[in-house]
Structures are given as structure tokens and as C-alpha cells.
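Encoded as C-alpha cells, the structure appears first; notes follow it.
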Amino acid sequence: MELATHRLHRLTSYEPSRSWTDPADDPAVVQDLEVNDLSRLPWFVKRYPDDLPRVELPRDLPATTAPAVGVLAGTAVVEPAELSLGHLARILFLSAGVVRTAERAYGTHPFRAAGSAGGRFPLELYVAVPDGKALPAGVHWYDPAGHALVQVGPPPRNGDVTVVVTGVPWRTGWRYRERGYRHVYWDLGTMLSQLTGAAASAGIPAALYSKFPDAVVTELVGADGVHEFPVAVVSLGGRAPVLRPAGVAVAGAVDAAPLEFPLVTAAQRAGAGDTLGEPWEPGAAVRVPAEPADPFEAVVLTRGSQRLMDPGRGLPEQALRDSMAVAVRGVDLPHFVVVHDVGGIEPGLYRWPALDKPVRAGNLRDELYRVCLDQALARDAAFVVITAADVAALDDSGYRAAQLASGLVEGRLHLLAYALGAGASGMTFLDSDIPALLGEPLEAMLFTCVGVPAYRSARGGPPGRPTAVRPVAPR
């Protein structure tokens, strides 16, 4: 019997015979949605009543000195610290705060610290703080534009301070239809690479959980389980997360008229659990020969969503090896690397970590361009990383975890690229062509293009002062 997530994956797979904007011909798929319809543009953030208690977060964030590459590699030596309001403000801002804005025909488009496919940012963050901590007690929603905590629920019962991340499928489905479910988890992993890195760089233990009692966490933050549902839990402090609500949370609104995607609802519910699983293992530390000195916050604010790369310039072999070794820490999915221009490595397709034995030798730029829906970054990058999986072997919960893991790898590759003076961008693809490309019966989770940027992104601004930018058009 086909599992709910397998069905979603099949019906949201791209193939040459159908435009990515067209729905699959199946009754489970919403047929009458006009994608990218500005008259139905989703809200960028949730909205709550104005009379809820509000805590303005510090805007002068604590500085750290540990090199970002060492933090991501697990080798940075950082003194343990207690979670203060300043540390919490820094973690939230470097994960989901608004760092750039662009003026568009429909108004101001906010860009958050972590990247998002299509600039949709389909995630909301909550902080659950029990009594007895050096932080305001309660369940709080993080206002990414105002950089503040809005209390939506009473203090939960015993446990460590916990960040709950929820996904809003309409926000990304507006552009990508039901495939937006994949983007929710890709963006989740990308954002969590920054959240856990920001915590580690300050000496705050952060434990990631992707298996948790969905119904309990949904109630804790006041989500409805359809238009907003929990996708991850992170405890801050080294103890188990606090999940049990002590009262009813204010629901708020994700949009004026969000559209439900029944296929997405079914897939998310199929992967739901009723107990807390084990935290994700961080993986063994990786020694990087030469670590750039830039601290974590500097790299996050430098990072942008690269739209143009210079196909005439490549990267050194060590940059590829260091980036891959660090990015896949703790992730056991298969990874492939398409090398276009990396010093010391012949062009071709390699199955990581065997960079001395190509699966396919030769120039694959044109093939990557076609497989990635004629998007130039896949052709112009120095190398392209493909996270893959045997989807048929995954259960519904495992499918969630695989998509999240692919986002974590992408997020780390983004940060590592910018720390090393390069650039990176995630990329979608023709699912139908992946087995032939890889030479194995696997399906792609996500592509990440890494190369030499053709321009430098404007540095993101601090809390309350985002940098105004103009969009760069891809080739």
C-alpha cells in the first residue's frame, strides 16, 4: 500500500512533460489554484491581537568570537553559558529575524536571516519558558519583524526552554502547490542549521527533535494542525524540552483565507507521533585545516541567496572537501557531488566521499542545467551537491526527517560557502531524471549549488534595521 508521504512525493514530482506550475492530474491534488496570484499573496507572518503581553527583545546582541567554520565543524572551544534574554534574542534573530527588505509592487517584502525557497519563509517560531527561568515565563511567539516575544499561552510545565517551529503550508504552497510541503522541511533544515549554530557559538546546548507528540505540541502553541503544524522542537540548555501545555494558547491567524492542501494535511498527519523521540546526533567533529576567523553572526549576516555565479571561476579542492565533511555531519543519507570546476578534481559525478572514483566522468554542466529546469546556477556553480534517498524505504516519519536532513546539509553548505568567500543556493529539479543522473534507484531530496558569486549580497542589518536591497535577476 502506498504511504501518504510516498503519494505526496509521487504527485509532487517534476517531469519534462508538465510545467512546474501545473498540477498533477489526480483528484488528491488541488486543481483550481492559480500559483503566484498576487491578489491572494499570503501574509508573511502570523497576526495576533494587539492586546497580548509583549516583551521587546534586546537589539544590542551579545557578540561571539568562535569561528563559524569551527562551530559548524564541532571543533570550536566555547565556554558554556546560561541562556539569558540577550542570548535568546541573538539565537532567534540569527535564525528567523528580518535582516533585509525589498520594495515590490505589493509592498515591502521581508527577508529573514535564513534562506527560503522563493522567499516564502513558511516557518513560525515559538519559545516555551516554564516558571523559574531567567526569562519571561509563558509560551511566546517570536515576532520576526518587530524582534519581540508575544505571549500566547501560560507557562508550560517542567522542562528546559524550548523552541517550537511550525510550518505554514499555504505560505509556500501559494507558489509551489503541494510540493511546497517539501520546501517547508527544506527551509526548516536551513533555518535550524543557523539556530543550532547560533546556540553553539554562544555556549548554549541545543538539542533537535524531529519526533515528538504532534497533538500535544500543536496544542502548546495554538496551531490548528492544518494551516499550521509543528515540524521541529529544539531544547536550549541541555535537558528535555518542555512540551506539556498548562492552558489554552491564543490561536492567532496565519492568513485571511489560507488554502488547505489535503495531500499535505494527510502526509503531515501520517508522520505524526505521540511520544518524544531521541534528539538528533550532531555527528563526529571534523578538523578543517584552515578555519577563517569570521564569527557565526558575521557569516549569517553576510549570507544571501545567490542568484548569479561566475562560470569562469572555480574553487579549490580543499573548499569542496571541507564543506562536504562538515555539512554532512550526523546525516546518513547518500550524497553525490557534481564537479564542474574544482582544482585537483576532474569534472564528473562522484558519490561522496569517494572523490577519486567518478561515477560518471566528464562535463555535466548542460545536463545539470536541464535537470534543474534550465536554472543557470546548476550549470555555473563550481560544484553541485545532491542529497538523495530511497524514498520507498522511508516511513512517513522518516520522510519528514529525510527532507529536514537535506535542508540541514543545504543550510550548512550555505554558511560554509560564505565563510570561505564563496556563494551557494538551493535548487529544485526534475525528479524523473534523477535515477539516470545518479546511476542508482534513488530520488533527490535537494540540490545545493556552490560556486564563485558574480556579485556580493548586501550585508543583513541588525534587529529593527534591515538592509534595503534590490532583487537580482537570475540568468
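Quick notes on this one:
- Largest accessible area first, the listed residues Arg104, Arg54 line up as Arg54, Arg104 when surface is computed with a 1.4 Å probe on the assembled protein chains.
- Size of electric dipole in the chain: Cβ of Lys, Arg +1 and of Asp, Glu -1, about Cα centre, debye, nearest 20: 1020
- When the alpha-carbon atoms of segment 350-475 are used, the pair Rg, Dmax equals 16.3, 50 angstrom.
- Relative contact order, whole percent, for the chain stands at 20, derived from Cα pairs under 8 Å and 6 or more residues apart.
- Working note: Karplus 6.51/-1.76/1.60 with θ = phi - 60° gives segment 83-100 the couplings 6, 9, 5, x, 5, 4, 4, 5, 4, 5, 5, 6, 9, 9, x, 7, 10, 9 Hz, where Gly and Pro are set to x.
- For the peptides 278-290, 434-446, the ranking by mean Cβ contacts within 10 Å, running from highest to lowest, is 434-446, 278-290.
- In this label model, Leu41 and Thr275 are separated by 4.7 nm, measuring between points 7 Å along each Cα→Cβ vector.
- Spacing of the modelled spin labels on Trp20 and Asp395, each 7 Å from Cα toward Cβ, amounts to 3.3 nm.
- Extension gain for the segment Arg459 to Asp224, taken as residue separation times 0.36 nm less the Cα-Cα distance, is 81.0 nm to one decimal.
- Contact order relative to length of segment 302-381, as percent, for alpha carbon pairs under 8 angstrom and 6 or more apart: 29
- Over every Cα atom in the chain, the radius of gyration and the widest Cα-Cα span, Dmax, amount to 21.0, 63 Å.
- Overall form of segment 305-362 per C-alpha gyration tensor (a/c, 1.5; a/b vs b/c): oblate
- Measure of compaction for segment 346-420 (Cα Rg per 2.2 N^0.38 Å): 1.26
- With Cα atoms defining each centre, segment 349-422 and segment 221-283 are spaced 28 Å apart in the structure.
- Separation in nanometres of the label points that stand 7 Å from Cα toward Cβ, at Ala473 and Glu103: 1.9
- Amide H within-cut-off set for Val152, under 5 Å, with H built and near neighbours excluded: Val139, His140, Trp141
- Global form of segment 395-455, assessed from the alpha-carbon gyration tensor, a/c cut-off 1.5: oblate
- Inverse mean reciprocal Cα-Cα distance (Kirkwood Rh) of segment 22-66, Å: 16.2
- On the basis of the beta-carbon distance and an R0 of 30 Å, Ala257 and Ala28 show a calculated FRET efficiency of 0.90.
- Sorting 41-48, 57-64 by average packing, meaning the other beta carbons within 10 Å per residue, from highest down gives 41-48, 57-64.
- Compared with the alpha-carbon gap, the fully stretched path from Val55 to Ser432 is longer by 130.8 nm at 0.36 nm per residue.
- Estimated D of segment 300-406 in µm² per second, where Rh is the Kirkwood radius over Cα pairs and Stokes-Einstein applies at 37 °C, 0.692 mPa s: 219
- Listed residues Lys357, Lys133 arranged by accessible area, highest first, probe 1.4 Å: Lys357, Lys133
- Centroid-to-centroid separation of segment 35-101 and segment 454-475 [C-alpha atoms, Å]: 17
- Classified by the C-alpha gyration tensor, segment 71-137 has an oblate form. Its axis ratio a/c, with a ≥ b ≥ c, is 1.5 or above, and a/b does not exceed b/c.
- Additional length obtainable on full extension of the chain from Val77 to Lys357, 0.36 nm per residue less Cα span: 97.3 nm
- With every protein chain in place and a 1.4 angstrom probe, the accessible-area ranking of Asp356, Asp26, largest first, reads Asp356, Asp26.
- The HN-Hα couplings worked out from phi for segment 317-331 by the Karplus form 6.51 cos²θ - 1.76 cosθ + 1.60 (θ = phi - 60°) are 4, 4, 5, 5, 4, 5, 4, 5, 4, 6, 5, 8, 3, x, 10 Hz, whole numbers, x standing for Gly and Pro.
- Share of carbon and sulfur in the accessible heavy-atom surface of segment 16-121 [1.4 Å probe, %]: 52
The values are calculated or read from the model by the stated rules, or taken from the named source; none is laboratory data. Quick caveat: nothing in here was measured; it's all calculated off a predicted structure. Cβ sites come from the backbone with ideal geometry, for glycine too, and all protein chains shown count toward neighbours. Ligands, DNA and RNA are excluded from the accessible area calculation, which covers all protein heavy atoms including side chains. Shrake-Rupley method; radii C 1.70, N 1.55, O 1.52, S 1.80 Å.
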